[in-house]
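The values are calculated or read from the model by the stated rules, or taken from the named source; none is laboratory data. Quick caveat, the model's predicted, so the values are computed rather than measured. All Cβ positions, glycine included, derive from the backbone under ideal geometry; neighbour counts span all protein chains shown. Just so you know, the surface numbers come from the protein's heavy atoms only, side chains and all, with ligands and any DNA or RNA stripped out. Shrake-Rupley method; radii C 1.70, N 1.55, O 1.52, S 1.80 Å.
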Amino acid sequence: DYLAWKIPSYLVKAEHGWSEYTPQKPAESEEEVITYFKRAGFLLGYCTIFTASDITSDNLIANGSSPIPIDLETIFYNTLNIESIPREVRWNVTQTSILPNWTWKGTDGVGVDLSALGGLSEQYVSLNLYQHLEDESGNSHFGMDGVKILPNDNVLTFNDSPVLPWRYEKEIIEGLGTLLSIATLEKNLLIEKISSLRFIRNRY
């Protein structure tokens, strides 16, 4: 389930990084859907361990059975050290932004789901949000109308419909458990690898 995962090439420069263009691609079978959510759970565990946040709908592309992360600049960047929050819950899977969640509440108290696996339908929020828009000719631009959040075009689709991630909770948990098992077995190696990055200027 994890070996043939498509991962794009990444180009790293002194001040910037780029990832290979990867289009959104629908699943062609139920088996691909299942594999996708196992891998999403695996990625959820990876991002939790390495404190990568901001894995929102703009930063995860569904390419068949492969969830493709394209923006991981927040790795090792957990700044949530608020003393009023118990240490045990200062960082957990919900803060990666992968799982469906409600955030960005406006003056009406209504939030929107900008998560990597959520945002399946058009949403309204009474708050100005900077978002990517596309005109009738297919040209992209930025908008700040602040009221309409378009459906997430990057999510997994099957038979021309977005796949509902909450129907695959078991697969997500299985993938998460797989990553955590590997991390537990390879704890010393992980600590060694992370420590080796300590003085590298570019953390991408």
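Worth pointing out:
- For residue 49 and residue 158, the FRET efficiency from 1/(1 + (r/R0)^6), where r spans their Cβ atoms and R0 equals 22 Å, is about 0.15.
- Of the labelled figures (i) 17.8, 53; (ii) 18.5, 66; (iii) 15.6, 48, only one reflects Rg and Dmax of the Cα atoms in Å as derived from the coordinates, namely (i).
- Of 117, 180, 190, the one that fluctuates the most in a GNM where the chain has Cα springs shorter than 10 Å: 190
- Cα centre as origin, Lys/Arg/Asp/Glu Cβ charges: the stretch 1-105 dipole, Debye: 200 debye
- Charge dipole (Cα centre; +1 on Lys/Arg Cβ, -1 on Asp/Glu Cβ; no other charges) of the chain amounts to roughly 960 debye.
- All lysines inside 16 Å of residue 6 as judged from Cα atoms, apart from same-chain residues fewer than 8 positions distant: 25, 38
- Sequence of 42, 199 when ordered by accessible area, the most exposed leading, probe 1.4 angstrom: 199, 42
- DSSP loop GluC sites (Glu not before Pro) with at most 15 other Cβ within 10 Å: longest gap in the chain: 137-185
- Where the stretch 32-71 is the region considered: accessible area per residue in Å², 1.4 Å probe: 22 Å²
- Net lengthening on full extension, residue 200/residue 12 (0.36 nm per residue, minus Cα-Cα): 66.4 nm
- For residue 156, residues with placed amide H under 5 Å, excluding near neighbours: 163
- For the stretch 19-69, the share of accessible area belonging to carbon and sulfur comes to 49 percent (1.4 Å probe, ligands and nucleic acids excluded).
- Positive-end residue, the chain charge dipole about Cα centroid, Cβ charges, pick of 100, 11, 166: 11
- For a straight C-alpha distance cut-off of 19 angstrom, the aspartates and glutamates reachable from residue 193 (same-chain residues fewer than eight places away being disregarded) are 73.
- A Gaussian network model of the chain, with springs between Cα atoms under 10 Å, assigns the largest mean-square fluctuation among 194, 55, 70 to 194.
- Distance between the pseudo-spin-label points of residue 101 and residue 71 (7 Å out from Cα toward the beta carbon): 1.6 nm.
- Reachable lysines from residue 148, criterion Cα separation under 24 angstrom, eight or more residues apart if same chain: 105
- The slack between residue 20 and residue 174, meaning 0.36 nm per residue of separation minus the straight C-alpha distance, is 52.6 nm.
- Relative contact order for the chain: 24 percent, from Cα pairs under 8 Å spaced at least 6 residues apart, divided by residue count.
- FRET E, pair residue 167, residue 31, Förster distance 22 Å, beta-carbon r, rounded to 0.05: 0.90
- From phi via Karplus (6.51, -1.76, 1.60), per-residue ³J(HN,Hα) for the stretch 162-178 in Hz, x at Gly/Pro: x, 7, 7, x, 5, 7, 10, 4, 4, 5, 4, 5, 4, x, 4, x, 5
- The chain - mean residue ellipticity at 222 nm from DSSP helices (-39,500 (n - 2.57) per run, n ≥ 4, rounded to 500): -7500 deg cm²/dmol
- Choice from 135, 54, 160 showing the highest fluctuation, given a GNM over the chain with Cα pairs closer than 10 Å: 135
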